[in-house]
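Visitor: After the structure tokens below, expect a handful of questions from me.
The values are calculated or read from the model by the stated rules, or taken from the named source; none is laboratory data. Just so we're clear, the structure is a prediction, and the values are computed from it rather than from any experiment. Cβ placement follows ideal geometry from the backbone for every residue including glycine, while neighbour counts extend to all protein chains displayed.
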Amino acid sequence: MVSIAVKKRLSPEESRAAALDAARQILIESGPQAVTLKAVAARIDRTHANLLHHFGSAAGLHQALIESMAEFVTTTIRETVFRQRANEQNPREVVDLAFDAFDTGGAGALASWMILSGNEDALTPILQAIHDLVEELREEHSEDEAPIEDETLHLVLMALGDALFGAPLARALGLPRTRAREIAYESMINSGIGKRG
């Protein structure tokens, strides 16, 4: 007797979350150009029409993906910063989170691809999330430190640049692959982060 596999019925929220998780995995494995409705549908055993229902188009999928990534990255950094403020500070953890989000997390590749595709508006969610995070962190930011906007700009640009060009540039200069992270960390320490008691 042949058994017939039955697809698990998912709620709309579960289906959307599964699609975004699959899209993120495809992004990390194969790059942003591989994140198509067809590829995501195949990954989660759903139809192309099902994904069209949830996202409207490939551009809608990309927009939802960057929104979910922005939320994840800023929430993770926010929780880390507040945990550190309650305990002993370790700015290196914040640096590593930012660099990982843009590199192995795929945010750098996705953001750059959207810019190069002429879709800069798609970056609004990540820029808004960073802005909101900075506003929230400003409340306990010491006047002895560099302005939090400067620190954020420096860290995000370094993390993005490192994600896109860090490995070949470090090789060309004969530097360790982690050198950009070390420079970002040293900059945070020199600007006053981590010096508070």
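Visitor: Out of the residues in region 47-65 that are outside any helix (DSSP H, G or I) and at pLDDT 90 or above, state the one that is surrounded by the most Cβ atoms within 10 Å (Cβ to Cβ).
Guide: In this case the residue turns out to be 56.
Visitor: Only one of these is in contact with a helix residue (DSSP H, G or I) (Cβ under 7 Å, 6 or more places away or on another chain) and touching a residue at least 24 places away in the same chain (Cβ under 8 Å): 70, 58, 34. Name it.
Guide: When all the criteria are applied, what remains is 70.
Visitor: Now for a separate question. Taking into account only those residues within region 78-94 that are among the hydrophobic types (A, V, I, L, M, F, W, C) and loosely packed, with under 15 Cβ neighbours inside 10 Å, which is modelled with the lowest pLDDT?
Guide: Taking the candidates together, the pick is 86.
Visitor: Taking residue 102 as the residue in question, decide whether it is within 25 Å of residue 134 (Cα to Cα), without any contact (Cβ under 8 Å) to a residue 24 or more places away in the chain and of a type in the set (Phe, Trp, Tyr).
Guide: Against the criterion (within 25 Å of residue 134 (Cα to Cα), without any contact (Cβ under 8 Å) to a residue 24 or more places away in the chain and of a type in the set (Phe, Trp, Tyr)), residue 102 does not qualify.
Visitor: Next question. Given 68, 112, 117, which one is hydroxyl-bearing (Ser, Thr, Tyr), more than 18 Å from residue 152 (Cα to Cα), assigned by TED's automatic domain parsing to the domain that holds residue 138 and loosely packed, with under 15 Cβ neighbours inside 10 Å?
Guide: Exactly one residue qualifies, and that residue is 117.
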